[in-house]
Amino acid sequence: MNSHFIQEASETCFNGCCSSPFSSHSMSEKQEELEFSVITTGTSFLTRETKFTSQESLPRLRTSFYDLITAFPDYLQTNQADHLRSTEYENLSSSSHVFGQQQPLFSYSQFREISESESDLNHSLFTLFCKQVSFGKELLLFKEESRFQSRMRKRITSFMNLEESEYHMILTQDRSSAFKIVAELYSFKTNPNLLTVYNYEDEAVEEMIRISEKKGVKPESAEFSWPSTEILSEKLKRRITRSKRRGSKRGLFVFPLQSLVTGAAYSYSWMSLAHENNWHVLLDTSALGSKDMETLGLSLFQPDFLICSFTEVLGQDDPSGFGCLFIKKSSSTALSEEPTNPANLMAVKAEPSWKWKTEYPEQNDEITPVDHEDHKVASTSGSEIVEIESSSEQDKAMIEFRGLDHADSLGLILISRRSKSLTLWLLRALRTLQHPGYHQTEMPLVKIYGPKTKPSRGPSISFNIFDWQGEKVDPLMVERLAERENIGLRCAYLHKIRIGNKRRSEEAMSLRLSVVSVRLGGFMTNFEDVFKVWEFVSRFLDADFVEKEKWRKKALEKNK
């Protein structure tokens, strides 16, 4: 859905004096009536009373878009993002990886500009060369940083709203590697506490917990309410302040600001409270939007460690990206322990691809081709070199990080407005799906977990799908079916959820629940992406569709 579409919509007269710009498309009488109602009355049709009982009964894409801009008129002010998507990220129309992917460094159009053939589009344009080290100082004082990596480090540090004079940046293979480095080097011997704040199972955090346990630490976690999945504040406050009251040693507080699965948002003040009680704070920004770091006011909430991740270009087949670990220079002494597993300490050097070096050998004449197998090289999605200039001093690559530039040009307000509009609309749309009248009571197709309509919520939504008999559809099956349709849903697991008496823990129980999760955080996500999710989920209203897939799953399991 491009900017021309939004422009047409914004110019449509909503008092009925103008015809719809989409009137040339064929519509059923019911759909035509619904679209006319939305346009002429300016009232959203996604009310609590609205129910759709089959995929065929859903309004068309364009009718639904009118509903979006009726309910959230500010969305029309974000057409700059649609223009960028159509001109710089045209690959997203056929990709599911726009959902939940990290901020890109570069745009797809850059990729095309320097790729000579379609086959080149499947290759990375920079490589991470990994070298095992033995001590944390070797990571902080890594001497083999390339000119390319130096420019990348400076640009990312600026984008993250951090000061080079205050933070070291360590490039890592991925987000999980950054967590491993902190877990291996953190001084748990003198600061023997680990407190995490995640309402879902996160592989990187679980690995940190395993490493800390090997060092004799007994990790603790925040607990969360049901079904809002928000922090049980009094319990977390007691855990944070307990160490200071008892005079015990401090530890590491690992905090994400938002849930990557449910969208629950947490107050910045938790970081301040942790610092006041002598904890080191690790801020995980993986759930934040492209420009959310500008809201932090890092002069007030300066984390000791910060982990973020990026990808090369949105929509790639491998969206895993690479990681960055920022270490506050005044806190670097806290990463001084001898690692239990030195294999987790990998110094990473980023270099443009061999293809680029062959074309511009003067830029990297100190680097020779490397056999990836022999040197344990880990590759990741690459970068684009868009302009080469020569100087009397030395040849320099003028690297344009167009993906970061695009996020900067759109700005925090526009990106947030767009994300919130799409997220809140999808939440409302999912609640309109209901099984036909097999029961006297309502039988909704979808049950949503986490905050419902809070404006402060994040762009992630977690839910489960139930068949007409009330039986939960396996989230793994939903993920596989969505992948087959090129739609970015994933299975995740909520945990540390407390159900029962909040005051008497012996009468409460901890819940672990598999869910379907979708994240709309990509700054290039548009309404068509969101509509596809709604349309896909509505297919489960068809009992035959669900049963067919259950039998298919059983047959596959039997043949294993």
**Report entry** Hull-based mean projected area of the range 162-251, where the convex hull spans the alpha carbons, in square nanometres
**Finding:** 7.7 nm²
Report task. Calculate the tail of P(r) for the range 441-560: the fraction of all Cα-Cα distances greater than 16 Å, expressed in %. Result -> 68 percent
Report summary line: Per principal axis, largest first, the Cα atoms of the range 99-227 extend in Å by 54, 44, 28
Report summary line: Ranking Asp174, Asp67 from most to least accessible area with a 1.4 Å probe gives Asp174, Asp67
Requested in this report: Using a 1.4 angstrom probe on heavy atoms only, work out the carbon and sulfur share of the accessible area of the range 182-244 in %.
Outcome: 45 percent
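On a 30 Å Cα-Cα criterion, which of the cross-link pairs Lys137/Lys189; Lys472/Lys558; Lys496/Lys558; Lys214/Lys550; Lys218/Lys554; Lys452/Lys553 come out too long? Write out the running numbers ahead of the final one.
Working: Lys137/Lys189 18 Å; Lys472/Lys558 21 Å; Lys496/Lys558 34 Å; Lys214/Lys550 41 Å; Lys218/Lys554 41 Å; Lys452/Lys553 32 Å.
Listed pairs above 30 Å: Lys496/Lys558; Lys214/Lys550; Lys218/Lys554; Lys452/Lys553.
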Query raised in the report: Projected onto the charge dipole of the range 454-560 (+1 at Lys/Arg Cβ, -1 at Asp/Glu Cβ, origin at the Cα centre), which of Ser456, Met509, Leu556 gives the Cα projection farthest towards the positive end?
Result: Met509
Query raised in the report: Using a 1.4 angstrom probe with every protein chain in place, what is the largest-first accessible-area order of Thr423, Thr190, Thr295?
Result: Thr190, Thr295, Thr423
Query raised in the report: Around Ala264, which amide H atoms from residues at least 5 apart in sequence, or from another chain, sit under 5 Å from its own amide H, with H modelled in the peptide plane?
Result: Ser259, Gly458
Report task. Could you work out the per residue convex hull volume over the alpha carbons of the range 182-298, in cubic angstrom? Result -> 107 Å³
Query raised in the report: So which chymotrypsin sites (Phe, Trp or Tyr not before Pro) in the range 405-474 pass both tests, a DSSP loop state and at most 12 other Cβ atoms within 10 Å of the Cβ?
Result: Tyr438
**Report entry** chymotrypsin sites (Phe, Trp or Tyr not before Pro) restricted to DSSP loop in the range 120-193 with at most 12 other C-beta within 10 Å
**Finding:** none
Requested in this report: Mind ranking Leu76, Leu282 by accessible surface for me, highest first, 1.4 Å probe?
Outcome: Leu76, Leu282
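The values are calculated or read from the model by the stated rules, or taken from the named source; none is laboratory data. From a predicted model like this one, the values you see are computed outputs, not experimental measurements. No Cβ is skipped: glycine too gets one built from the backbone with ideal geometry, and neighbour counts run over all protein chains shown. SASA here: full protein model, heavy atoms, side chains in, ligands and nucleic acids out. Shrake-Rupley method; radii C 1.70, N 1.55, O 1.52, S 1.80 Å.
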